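A short write-up of the structure that comes next.
The values are calculated or read from the model by the stated rules, or taken from the named source; none is laboratory data. Treat the numbers as computed from the prediction; the structure is a model and nothing was measured. Backbone-built Cβ (ideal geometry, glycine too); neighbour counts: all protein chains shown.
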Amino acid sequence: MKVTRITTYRVPPRWMFLKIETDEGVVGWGEPVVEGRARTVEAAVHELSELVIGQDPSRINDLWQAMYRGGFYRGGAVFMSAIAGIDQALWDIKGKVLNAPVYELLGGRVRDRMKTYCWVGGDRPADVIAQIKERMTHGFDTFKLNGCEEMAIIATSKAVDAAVSRVAEIREAFGTDVEFGLDFHGRVSAPMAKVLVRELEPYRPLFIEEPVLAEQAEYYPRIAELTSIPLAAGERMYSRFEFKHVLERGGISILQPDLSHAGGITECVKIAAMAEAYDVAVAPHCPLGPIALASCLHLDFVSWNATLQEQSMGIHYNKGGEVLDYVRNKEALKLDAEGYAMPFTGPGLGIDVNEELVIERSRDAGDWRNPLWRHADGTVAEW
Ligand SMILES: [Mg+2]
């Protein structure tokens, strides 16, 4: 079998899918994207496709190494997301050829179902209580919200109080009937992270995500010393070679590799195994579409330390497209009454992509961008 063609489709709300075709008619789907930089990743996919077209799609490990090592310069959000999408599609093809779900090819399941959580509150967290109440009617009891809005490098008591009182309100309203993680989203600098983790400690959030940016990872162990709240990070780390430094330094309790950013299934399974060796949990990052989510779930089903799966149904970014829109067998991604995802039964990634709809919506996909925020004095703020 040989790969004959790789086609990319940018689709709303802010995703990109790719299709790999073969000379035997088997096709595979992947989701290579950096949110807000889809066209850049698209160019990278088509450059890398020179290494894949004409090759045997069953040799995923070798194709991965060719894409990673074959170009001298490697790593980073763009290259690793391009590799991720191609890798996912190659696994989809392998599963279809061997008539087995990807998790079977990875050694089989370690769990019967996988806990998911959903987002509430939006970019500038608001209406959190009402949104949690609404989502609880769909069976969710685990949530994530942004921990704060813009946070200056040295912030006011007012800004700290706003962040803390929102969290206090959640515990007041729901007690321990719900669990929630707080995403600092890289908005908080090291000085304020120290203040916030102490102030938030009494409300026992499930985790604090990106307490500081990944480029300030030397602070993770220092912040972890100040709090018993588990720290999470990883959506802006792109390979084993980056994650190893974080694991060696310590401080992070939950790694959050993104299956569409960190080299795909091949790489993230290895990252999860490294985390297990350090007694660190994994909660794959996934504010993306159905192919990314399916890829995450295959990892979750084979990784003992996978603890929670993010998914983007109803997330504030999904304007003009929802996770299930592009999938024909929607039941494959349907959650049970307690917010768990069930194992896929179909071969490959287990989802049947509605190609006609993908083509139709790709015609006016638009270019999603995150907002550019500024502080009161006009300096750029982390979004
Ligand atoms: Mg995050």
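For the reader, a short list of remarks on this structure follows.
Let's see how each residue does on (1) out of contact with any strand residue (DSSP E or B) (no Cβ under 9 Å at 6 or more places or on another chain); (2) among the charged types (D, E, K, R):
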residue: 254; (1), (2): no, no
residue: 258; (1), (2): no, yes
residue: 264; (1), (2): no, no
residue: 279; (1), (2): yes, yes
residue: 299; (1), (2): no, no
residue: 302; (1), (2): yes, no
residue: 306; (1), (2): no, no
residue: 314; (1), (2): no, no
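Table: residues versus (1) crowded, with 24+ Cβ neighbours inside 10 Å; (2) free of Cβ contacts under 8 Å to residues at least 24 places away in the same chain; (3) of a type in the set (A, V, I, L, M, F, W, C).
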| residue | (1), (2), (3) |
| --- | --- |
| 9 | no, no, no |
| 18 | yes, no, yes |
| 25 | no, yes, no |
| 30 | yes, no, no |
| 34 | no, no, yes |
| 41 | yes, no, yes |
| 48 | no, no, yes |
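- Residue count, segment 211-248 (criterion: within 20 Å of residue 276 (Cβ to Cβ) and assigned to a loop (DSSP other than H, G, I, E, B)): 6
- When residues of segment 48-72 are limited to those that are farther than 18 Å from residue 19 by Cα and at pLDDT 95 or above, the one nearest to the chain's Cα centre (by Cα): 68
- Flag if residue 182 is surrounded by 14 or more Cβ atoms within 10 Å (Cβ to Cβ), assigned by the TED database to the domain that holds residue 313, in a strand (DSSP E or B) and within 16 Å of the ligand (Cβ to nearest atom): yes
- Residues of segment 122-169 satisfying the condition of being under 19 Å from residue 314 (Cα atoms), within 16 Å of the ligand (Cβ to nearest atom) and assigned to a loop (DSSP other than H, G, I, E, B): 122, 123, 124, 125, 147
- Some residue of segment 96-109 being more than 16 Å from the ligand (Cβ to nearest atom) and without any contact (Cβ under 8 Å) to a residue 60 or more places away in the chain: yes
- Search result, residues across segment 264-298 that are part of a helix (DSSP H, G or I) and within 15 Å of the ligand (Cβ to nearest atom): 292, 296
- Considering only residues in segment 316-326 that are touching a strand residue (DSSP E or B) at 6+ places or on another chain (Cβ under 8 Å) and surrounded by fewer than 22 Cβ atoms within 10 Å (Cβ to Cβ), the one that is farthest from residue 135 (Cα to Cα) turns out to be 321.
- Residue among 17, 79 that is among the hydrophobic types (A, V, I, L, M, F, W, C), out of contact with any strand residue (DSSP E or B) (no Cβ under 7 Å at 6 or more places or on another chain) and within 21 Å of residue 268 (Cβ to Cβ): 79
- Check on residue 226, more than 16 Å from the ligand (Cβ to nearest atom) and of a type in the set (A, V, I, L, M, F, W, C): yes
- Scanning segment 15-54 for residues being touching a helix residue (DSSP H, G or I) at 6+ places or on another chain (Cβ under 6 Å) and farther than 22 Å from residue 261 by Cβ gives a total of 1.
- Residue in segment 341-360 that is assigned to a loop (DSSP other than H, G, I, E, B), under 20 Å from residue 138 (Cα atoms) and under 22 Å from the mean Cα position of the chain (by Cα) present: yes
- As for segment 196-215, it holds at least one residue that is modelled with pLDDT under 95 and either among the hydrophobic types (A, V, I, L, M, F, W, C) or within 16 Å of the ligand (Cβ to nearest atom) (or both).
- Candidates are the residues of segment 249-290 that are acidic (Asp, Glu) and more than 20 Å from residue 76 (Cα to Cα); the one that is surrounded by the most Cβ atoms within 10 Å (Cβ to Cβ) is 276.
- Listed conditions (1) surrounded by 15 or more Cβ atoms within 10 Å (Cβ to Cβ); (2) touching a Pro at 6+ places or on another chain (Cβ under 9 Å) are all met by residue 2, apart from (1).
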